[in-house]
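To keep things clear, I will list the structure first and then write my remarks on it.
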Amino acid sequence: MAHISFILNGEVIELGKANPSVTLLDYLRLERGLAGTKEGCNEGDCGACTVSVASMENGSLVHRAVNSCILLLGQMQGKSVTTVEDLGGNHPVQTAMVDHHGSQCGFCTPGIVMSLAAAHQEGRQDHRDVLAGNLCRCTGYAPILRAAEAVAEQPVPAAKFDERAALESLVDSGFTDVDAFAEWYAQNPDAVLVGGATEVGLVLTKELKQPRKFAFLNRIEALREITHEDGGTRIGSGVLLARLRGAMVGKYPQFAEMLRRFGSVQVRNSATIGGNIANGSPIADSPPALIALGASITLRKGAERREILLEDFYLSYGVQDRAEGEFVESIFIPEQEDTLGVYKISKRFDQDISALCGAFNIVVNDGSVASARIAFGGMAATPKRAKAVESALTGAPWNEETIKTAQSAFAEDYTPLSDQRGSAAYRLTLAQNLLTRYFLEHSGQDRVRVVGAVS
């Protein structure tokens, strides 16, 4: 049990003996009777459970749409939650949804309204991205998009209370200091670390497991920082993928574009980069790009730290080079010219698991390949570099003949599996074709740079 302080629809909530692993959705519906927030998939896909959560980020009050079905009550410490009931029925988004016939059965409508309301609060107008995490099988998206466009230029309704002051008045609890957490975790290595809970939430709602001990990391400011150091950029393991995407737009735009397709807005507003790395999934989308960039990670246990290349962190399926009581503290990306290409291949464009994700970072000087770093997810039991392909490219002329020669080396680097997302032959052919795609995009033609709104 834990003490949890947060704000719900303007009311300060003090829970003295709360079960921190209860989902926010269950608390809203079962404990508070706020049934406007719906339960659909209960795994963070459909968006029917969307609420708006406000918190302080780098001194600014930020509102984000999130999936309440896989957020845990312990993550609400120090935050302000708004549900559809608090909009009052006269919010500009609600009015526009009525005027443009954006609702039929209505089950998914509260989640859609909350996604659009949070976006409206933050001034976003990339409506298709905003709605990628909300399913609607009745109306179709045309009238919903018309409603979103109609409300875009309208002013944000006046706040019902001083949210910033209310947040600052809350009694803090849980971990806020990284040193204190590191010392505690070294003594409690059996605890489940919770960053965004986009994975842990599924353990609770789908596998119906109940870990005995949790450590919530979202209040540790030191883990949420992005700093520019001599020689590169350091990213705290608690940085949200939404923030990471914003940081990458100007530096590595193809990485940022891939992150735009990482889950949905709601997922990116909860998931952390450290969680995506430490989870160790062979189809995690961020490791291939980071490995291609030569990223390293800092692992910490108590007061001791060690730094290793990210590519060396993954030992075998489900096994990482991480000792008991050790956690990923930060990720470091060396400063370099942007030659990165990142390609996510999936059956759906939005909110889908990759069949494979390939990242290419090839430097060409005077017509020859000076260096090459290539990494893939979905091609092996871990995210893995294509070292035979890199060797075939390095020192060779940057031309089609070299590319054809290097393509055959993929079979030396990978023996992909066949599963529901694609056969081994399909994956191998895809990897070869992506090298050709990278070559065509980086052979003297103008770079394709993706510039758009940022989560």
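Every number in this text was worked out from the coordinates using simple rules, so none of it is lab data. Small disclaimer: the values here were computed from a predicted structure and weren't measured. Methodologically, a virtual Cβ is constructed for each residue, glycine included, from the backbone with ideal geometry; neighbour enumeration extends over all protein chains shown.
Brief remarks follow.
- Here Leu244, Leu309 are placed in order of increasing Cβ neighbour count within 10 Å, fewest first, which gives Leu309, Leu244.
- GluC sites (Glu not before Pro) within segment 152-217, DSSP loop, no more than 15 other Cβ atoms inside 10 Å: Glu153, Glu207
- A helix-only calculation puts the chain at -8000 deg cm²/dmol for mean residue ellipticity at 222 nm, using -39500 (n - 2.57) for each DSSP H run of at least four residues, averaged over all residues.
- Note on segment 2-169: dipole from Cβ charges, positive end direction compared against Gln75, Gln121, Gly133; the farthest Cα belongs to Gly133.
- Net charge of the neighbourhood of Leu34, taken over other residues with C-beta under 15 Å away and scored Lys/Arg +1, Asp/Glu -1, is -3.
- Put a dot 7 Å past the Cα of Glu400, heading toward its Cβ, do the same for Arg164, and the two dots end up 5.9 nm apart.
- Packing order of peptides 378-388, 298-308, highest average first: 378-388, 298-308 (average count of other Cβ atoms within 10 Å over each peptide's residues).
- Leading residue at positive end of dipole, the chain (Cβ point charges), from Asn365, Leu208, Val249: Leu208
- If you bin all the Cα-Cα distances of segment 281-393 at 5 Å, starting from zero, the percentages per bin are 2, 12, 19, 21, 18, 14, 8, 4, 1, 0.
- Cβ-based net charge around Lys387, under 12 Å, with every Lys or Arg adding one and every Asp or Glu removing one: -1
- Here the chain is treated as a Stokes sphere of Kirkwood radius computed over C-alpha pairs; at 25 °C and 0.890 mPa s its diffusion coefficient rounds to 106 µm²/s.
- Working note: Karplus 6.51/-1.76/1.60 with θ = phi - 60° gives segment 7-17 the couplings 10, 10, 6, x, 9, 6, 10, 10, 9, x, 9 Hz, where Gly and Pro are set to x.
- Only the Cβ atoms of Lys and Arg (+1) and of Asp and Glu (-1) were treated as charged; on that basis the dipole of segment 225-441 about its Cα centre amounts to roughly 700 debye.
- The simple Förster model, with R0 at 41 Å and r as the Cβ-Cβ distance, assigns Lys251 and Glu304 a FRET efficiency of 0.85.
- Gain in span if fully extended, Val171 to Thr227, counting 0.36 nm per residue against the direct Cα distance: 17.3 nm
- Within segment 225-441, the proportion of Cα pairs with more than 30 Å between them is 20 percent.
- Separation of segment 109-160 from segment 250-302 is 27 Å, based on Cα centroids.
- Over segment 212-291: Kirkwood hydrodynamic radius from C-alpha pairwise inverse distances, Å: 13.2
- Total formal charge among the other residues, if their Cβ is under 9 angstrom from that of Gly78, Lys/Arg +1 and Asp/Glu -1: +1
- Less than 5 angstrom separates the built amide H of Ser346 from those of Ala355, all sequence-distant by 5 or more or on a different chain.
- Magnitude of the charge dipole for segment 2-169, about its Cα centre and with charges confined to Cβ atoms of Lys, Arg (+1) and Asp, Glu (-1), is about 220 debye.
- Order of Tyr314, Tyr141 under a 10 Å beta carbon neighbour criterion, fewest first: Tyr141, Tyr314
- Annotation: the residues Ile297, Ile374, sorted from fewest to most other C-beta atoms within 10 Å of their own C-beta, follow the order Ile297, Ile374.
- Hypothetical label at Lys347: residues of segment 397-438 whose amide nitrogen lies under 16 Å (7 Å Cα-Cβ projection): 418-424, 426-427
- Dipole magnitude for the chain: about 960 debye, using +1 per Lys or Arg Cβ and -1 per Asp or Glu Cβ, origin at the Cα centre.
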